[in-house]
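Have a look at the structure below before the remarks.
The values are calculated or read from the model by the stated rules, or taken from the named source; none is laboratory data. Quantities reported herein were computed from a predicted structural model and do not represent experimental measurements. For neighbour counting, all protein chains shown are included, and Cβ atoms are generated from backbone atoms with ideal geometry for every residue, glycine included. Please note that ligands, DNA and RNA were not included when accessible areas were found on the heavy atoms of the full protein model with its side chains. Shrake-Rupley method; radii C 1.70, N 1.55, O 1.52, S 1.80 Å.
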Amino acid sequence: MKDLLIIKGIEFKSRLWVGTGKYKSFEETARAIEASGTDVVTVAVRRVNILDRNKENLLDYIDPKKYKILPNTAGCFTVEEALRYARLAREAGISDMVKLEVIGDEKTLFPDVCGLLKATEILAKEGFIVFPYTNDDPIIAKRLVDAGAAAVMPLGAPIGSGLGIRNPYNIKIILETVNVPVIVDAGVGTASDVAIAMELGCDAVLVNTAIAGAQDSIMMAQALKHACIAGRFAYKAGRIPKKLYASASSPLEGMLI
């Protein structure tokens with residue numbers, strides 16, 4: 001079943017995108033990424049050495065010819081910081097894409113949506129393909145699209161919480177509100193969370209902690225891979241309506257007495 005996700009002319013074969021933080025080693029990171037079946041790997045420009053090729057580098061373990069490297073601005077609390085690291089990644093030849101984060105609070109890591117809107121508009125005008133990490137507010141999602149976002153990435157729950165999709169109704173409204181891909185980012189804890197996001201109609205899911213923090217990261221990566229595929233298939237197939245009362249699987253009409 002050919003079901004490619006296409007954003008700004010770029011083809012994405014996998015709808016499960018994977019982060020690279022919190023692993024025990026670069027070797028484990030590479031093995032988990034391989035097991036996940038992804039072709040999109042996001043890397044924190046500020047926290048992970050990807051700019052100095054003279055030192056041990058994550059890109060020594062992740063082949064840019066095999067994976068699409070998606071730089072992110074994790075750890076940036078101001079518009080200026082986010083712009084700086086996005087530009088550094090592009091100048092280093094990593095990508096024109098950026099997963100844009102402007103964090104507003106150190107404890108909750110919720111996004112600063114005012115700063116996010118400003119940074120999105122600036123980077124989009126500079127030719128970046130911007131994927132802003134935002135809250136699950138449909139109005140902000142629409143404003144981000146108006147500012148030039150190529151997709152929107154609403155959180156399912158706070159970063160690293162593992163709480164899953166806390167407000168599926170808002171995610172559903174976002175899907176109905178914007179005309180760009182919707183990629184759930186943050187809060188996924190296990191395979192069922194991925195399946196729920198995909199069954200809602202989301203275009204992709206980005207996962208990091210659920211894999212890196214699992215007791216067996218490689219097995220969890222495989223589980224999320226299959227959950228993503230299953231959830232997408234279920235969405236495309238179309239679920240049956242929910243009913244209050246029973247409906248016989250084998251109707252009485254036409255039965256021989």
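Taken over the stretch 120-131, the criterion of being part of a helix (DSSP H, G or I) and crowded, with 24+ Cβ neighbours inside 10 Å is satisfied by T120, L123.
Looking across the stretch 91-103, just one residue is touching a Gly at 6+ places or on another chain (Cβ under 9 Å) and open to solvent by 50 Å² or more (accessible area, probe 1.4 Å), and that is D96. Given the condition over 20 Å from the mean Cα position of the chain (by Cα), farther than 21 Å from L206 by Cβ, assigned to a helix (DSSP H, G or I) and aliphatic (A, V, I, L, M), answer yes or no: does some residue in the stretch 90-109 qualify? The answer is no; no qualifying residue exists.
Taken together, T134, T73, T108 contain a single residue that is touching a residue at least 12 places away in the same chain (Cβ under 8 Å), surrounded by fewer than 16 Cβ atoms within 10 Å (Cβ to Cβ), out of contact with any Ser or Thr (no Cβ under 8 Å at 6 or more places or on another chain) and of a type in the set (V, I, T), which is T108. Could you tell me whether any residue of the stretch 111-130 is touching a Cys at 6+ places or on another chain (Cβ under 7 Å), free of Cβ contacts under 8 Å to residues at least 40 places away in the same chain and not hydroxyl-bearing (S, T, Y)? Looking through the stretch 111-130, none of the residues is touching a Cys at 6+ places or on another chain (Cβ under 7 Å), free of Cβ contacts under 8 Å to residues at least 40 places away in the same chain and not hydroxyl-bearing (S, T, Y).
Any chance the stretch 242-255 includes a residue that's under 30 Å from G148 (Cα atoms), open to solvent by 30 Å² or more (accessible area, probe 1.4 Å) and hydroxyl-bearing (S, T, Y)? Among the residues of the stretch 242-255, not one is under 30 Å from G148 (Cα atoms), open to solvent by 30 Å² or more (accessible area, probe 1.4 Å) and hydroxyl-bearing (S, T, Y), which makes the answer no. Criterion first (within 21 Å of I183 (Cα to Cα), modelled with pLDDT of 90 or more and out of contact with any strand residue (DSSP E or B) (no Cβ under 7 Å at 6 or more places or on another chain)) does E34 satisfy it? It is true that E34 is within 21 Å of I183 (Cα to Cα), modelled with pLDDT of 90 or more and out of contact with any strand residue (DSSP E or B) (no Cβ under 7 Å at 6 or more places or on another chain).
In the set (1) in contact with a strand residue (DSSP E or B) (Cβ under 7 Å, 6 or more places away or on another chain); (2) modelled with pLDDT of 95 or more, P138 fails one condition alone, (1).
Of A191, A204, A147, all but one fail to be crowded, with 18+ Cβ neighbours inside 10 Å, touching a residue at least 40 places away in the same chain (Cβ under 8 Å) and of a type in the set (A, V, I, L, M, F, W, C); the exception is A204. Taken together, the residues in the stretch 150-185 that are in a helix (DSSP H, G or I), open to solvent by 10 Å² or more (accessible area, probe 1.4 Å) and among the aliphatic types (A, V, I, L, M) amount to 2. Within the stretch 176-194, which residues are farther than 18 Å from L163 by Cβ and of a type in the set (D, E)? Correct list: E176 only.
Restricting V152, V102, V184 to residues that are more than 26 Å from A227 (Cβ to Cβ), without any contact (Cβ under 8 Å) to a residue 40 or more places away in the chain and of a type outside the set (S, T, N, Q) narrows the list to V102. The selection criterion, being crowded, with 19+ Cβ neighbours inside 10 Å and assigned to a loop (DSSP other than H, G, I, E, B), does not hold for I33.
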